[in-house]
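Heads up: the structure comes next, in structure tokens.
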Amino acid sequence: MNYLNLKTSRFLLTISFLFTFLASFAQNNGKIKGTITTSDGEEAAGVNIVLKNSKYWTISDDSGNFDFNRVKPNTYILQVSLAGYETLESEVIVAESETTEINLKLKVSNKELKEVVINGKKSNLSKKTDYVARMPLKNLENPQVYNVIHKELLQEQVAVDIRSAVQNAPGVTSKIYPSGGLEISFRGFSTGVNARDGMETLSGRSSLSIDNAERIEVLKGPSGTLFGSSVSSFGGVVNLVTKKPFETQKTEISYTGGSFGLQRIAVDFNMPLTQDKKVLFRVNASANTENSFLDYGFNKTVLFAPSLIYKATDKLTFSLDTEIFNTNNTRPTYGRSYAAGLTNPTDLKIDYRKSLFADDADARTSSPKIYFQGEYKLSDNWKSTTLFSWVDERVSHSYQYYTVWNSPTEVQRMVSRFGPIHNTFTNIQENINGEFSTGSIKHKLLAGVNYRFTKGTFKYATTPALDVVDVTKDFEPIRKDQVDAALKGMEFGVPNEQTFSVYASDVISFTDRLSAMLSLRFDNFVQKKLEDTPGYNQTALSPKLGLVYELVKDQVSLFGNYMNGFQNSGPVNQPDGTLLILKPIYANQYEGGVKVEGFDKKVSTTLSYYNITIDNATRTTPDGFNVQDGKQVSKGIDFEFIANPFSGLNIIAGYAYNDNRIVKSSDVSIEGNKASGAPENVVNFWLSYKFQNKLKDLGFGFGGNYVDKQYKFEDESFYAPSYSTYSATVFYDKPMWRVGVKFNNITNTKYWDSYGMAQNPANFLVNLTLKL
């Protein structure tokens, strides 16, 4: 017994010594915490904050907050920086066992600022957004997976189009629709950039410019509950967030030149229009011209995008965002069919840089857009947001190229002409956001209504096979006069459509770590009668449920979600004369995973597993009857890793595994096959470093993308081979100017998208930006 008592006493003495030592160690250190805001009152998220001549460095979070723990007592100089603002430097005294608080407001006036060094730009780690959940919700609190691509990263990569930008998101691949718009695929399904600042947009035939993009958000999973069927695909939503006016005067002029005759200039001009800075103005404009790497083909675009903010009162703010984007280009060639034995593009004997069609059969489009928002602060915890959007997509003419391959050397050529086409989309939306409590339980509530109205006209003409050529011998490209002589025109009526939606979402915080998201959407879709075609009325209910538990407060969260997406389907005439009324096609996703934002906000990562099931897809029986019992299952893994381990170094990496298969179909032969355009493995990474002391302002970056084999058709008869491409950049970034050189596809890899279209060989870009 005495031995045990002695042993226990020694153990307790040891524990007491350890606690005393740790307490003494903690008492010898202090802490710094604070908040950084900009001159217009916005939280400065993602700002690098450094204690000079020390090892201490951190990044402000989405609310502009930062802290340094276990700081040795001393006097430090705190450094902060933000583009467009003057530099600031503030002395901070750290005492033993005390917390020093410092709040910095970045202003423009040289006289009001102390000398501060402000480092930087928006961090790649920042995932602050009000659009994903349609309410302010931190990444760790959100049960949905999403990726954010910031304009600072795109500038570093000398990205000149949306397509090269979205490849920074895990699992994302892209291609150009035969109609000319950008098609983006992830989680086994395709979509366009269908959302702009959270509202519906349209770009299937007119495409989009990158020059007015503040960031690009990729929302993963069916998102019909909050965004509706017109914006969300079964894979998710791509939302383009535009550049907004701010309080300081700033101008950037950028020139980019490069391979294939690329010449482009972009201007970003911002200024307050009144001395009290209640009226703010910004305009982004650009002009671009380039040739194809093929012997024929070109692309010319012009953007003009002015925007205005009017702060009517402390509670009421209006904003107007407009855009005109005109294009004149050639469309890619789409292979309609391939003879037996032709399995992939490498079997075709056509030269990689050879075009089958001349570029006088081109396309011209125009896409004016108007977005209006009125935001009224009802109280400290409640606000009302009224939104209006009008999108007008016009196609003057669009010649689209098609081929039928009879053998590796022999191909049939044909052309269709679309246009004039005119589509308008009008949306009116009202959202109420608020926070309240029921006892100890906290709520973040969204309630909204949306009315959508569309109308359009459509003209179309096509040719039969114009000829058959041997691609191993000399041949002439098909020209416009040959096409026009063979076109047979048709005009199709386009019924007017209207959709009325009501939705609500409640994020319920049971504790400061456990929360649930409950959401529901009611959607009534009406297609008007058109001549002899009957109209129809369809109603859909779309629920959403999410759970989040923060395993480590503000650092690690476990999440799970059930998400729903839907597509409206019109009635179908059956062979016996009856009319089949179809139900909306639903996609249901179950997902679970973990999110981490650790090491003083220097690392952000997300890992999840998902399963998406479509169990009421339509199919056609051998005798021609339509049946709604098709089934498709897409499941996989999403992984994203972003890190700023120390000042100057940035790491972005992603991996996605997807298995998307046709489980049930009218064509029994394709059951069990992979869906088209759905690669199994996709990898992306980007590393960059900007020197901080010696060679300051010099930086470099290197990255790559791997995309697995992609089938073009569900019968798995033709596929695009897997490929890897790599790119590198060198840049010199000064406060008043920036120069960058980018090398794309540095291994000169020959590769094709899932449509089988050849992609750019090795090329380079040179960019010069003046910051005035």
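Here, each number is a calculation from the coordinates, and none is a lab measurement. As the structure is a prediction and not an experimental result, all values here were calculated from the model. Every residue, glycine among them, receives a Cβ derived from its backbone with ideal geometry; neighbour counts consider all protein chains shown.
By the count of other C-beta atoms within 10 Å, a proxy for reagent exposure, Lys709, Lys694 are ordered fewest to most as Lys694, Lys709. Residue-wise HN-Hα couplings along region 756-772, as the Karplus relation 6.51 cos²θ - 1.76 cosθ + 1.60 with θ = phi - 60° gives them from phi, are x, 8, 5, 10, 4, x, 4, 7, 9, 9, 10, 10, 10, 10, 9, 10, 9 Hz; Gly and Pro carry x. For Ile210, nonlocal amide neighbours, meaning residues 5 or more places apart or on other chains whose placed amide H falls under 5 Å from its own, are Ile162.
In order along region 319-329, the phi-based Karplus estimate (6.51 cos²θ - 1.76 cosθ + 1.60, θ = phi - 60°) of 3J(HN,Hα) comes to 9, 10, 10, 10, 7, 10, 10, 10, 10, 9, 7 Hz; Gly and Pro are listed as x.
Sorting Asp314, Asp321 from the fewest to the most surrounding beta carbons within 10 angstrom yields Asp314, Asp321. Restricting to Cα pairs below 8 Å that are 6+ residues apart, what does the relative contact order work out to for region 178-278? Please round to a whole percent. Worked out over region 178-278, it gives 24 percent. Quote the FRET efficiency, to the nearest 0.05, computed for Thr409 versus Gln498 with a Förster distance R0 of 41 Å and r equal to the Cβ-Cβ distance. That gives a FRET efficiency of 0.20.
Here the dipole of region 276-366 is about 300 debye; that uses its Cα centre as origin and unit charges on the Cβ of Lys and Arg (positive) and Asp and Glu (negative). The slack in the chain from Ser384 to Phe691, taken as 0.36 nm per residue of separation less the alpha-carbon distance, amounts to 106.0 nm. Place +1 on the Cβ of every Lys and Arg and -1 on the Cβ of every Asp and Glu in region 626-772, take the dipole about the Cα centre, and give the residue among Tyr726, Phe743, Gly654 whose Cα lies farthest towards its positive end. Ranked along the dipole, the leading option is Phe743.
Taking Cα atoms only, the orientation of helix 2-27 departs from the longest principal axis of the chain by about 80 degrees.
Neighbours of Asn684, meaning other residues whose beta-carbon lies under 13 angstrom from its beta-carbon, give a summed charge of -3 when Lys and Arg score +1 and Asp and Glu score -1. For region 625-742, a simple Cβ point-charge model (Lys and Arg +1, Asp and Glu -1, everything else neutral) yields a dipole of about 780 debye relative to the Cα centre. A straight chain from Asp295 to Phe458 at 0.36 nm per residue would run longer than the Cα-Cα distance by 55.5 nm.
If only the Cβ of Lys and Arg carry +1 and only the Cβ of Asp and Glu carry -1, the dipole of region 250-771 around its Cα centre is close to 1480 debye. A simple spin-label model places pseudo-atoms 7 Å from Cα toward Cβ; at Ile746 and Phe475 they are separated by 3.8 nm. Which one, Pro332, Thr409, Ser389, projects farthest toward the positive side of the charge dipole computed for region 311-421 from Cβ point charges (K/R +1, D/E -1)? Most positive-ward Cα: Thr409.
Across region 380-471, the relative contact order, built from alpha-carbon pairs under 8 Å that are at least six residues apart, equals 35 percent. If R0 is 45 Å, what FRET efficiency do you get for Val267 and Ile102 from their C-beta distance, rounded to 0.05? My answer for the efficiency is 0.75. From its DSSP helices (H runs of at least four residues, each -39,500 (n - 2.57)), the chain gives a residue-normalised ellipticity at 222 nm of -2000 deg cm²/dmol. Residues in region 180-196 carry Karplus couplings, in order, of x, x, 8, 9, 10, 10, 6, 6, x, 9, 10, 8, x, 7, 8, 10, 10 Hz; the curve used is 6.51 cos²θ - 1.76 cosθ + 1.60 with θ = phi - 60°, and Gly or Pro positions show x. Database remark: amide H of Asn74 closer than 5 angstrom to the amide H of Val94 (H placed geometrically; neighbours at sequence offset of 5 or more, or on other chains; Pro and chain starts carry no H).
Normalised by the number of residues in the chain, the average gap of Cα pairs under 8 Å and 6 or more apart makes the relative contact order 10 percent. Match the structure shown to one of the listed values (1) 41.6; (2) 28.5; (3) 35.5 of Kirkwood radius over Cα pairs in Å, computed from it, and give that label. So the calculated entry is the one marked (2).
Annotation: amide H-H contacts under 5 Å for Tyr751 (H modelled 1.01 Å from N, sequence separation of 5 or more, or interchain): Gln759.
Under the simplified labelling scheme, the Tyr657-Ala762 pair shows an inter-label distance of 3.5 nm, with each label point 7 Å from Cα along Cα→Cβ. Separation of region 686-735 from region 281-344 is 22 Å, based on Cα centroids.
When the Cα positions of Leu514, Val526, Phe293 are compared along the charge dipole of region 250-771, Leu514 comes out farthest toward the positive end, with charges on each C-beta of Lys, Arg, Asp and Glu.
The order of Glu597, Glu89, going from fewest to most other C-beta atoms within 10 Å of their C-beta, is Glu89, Glu597.
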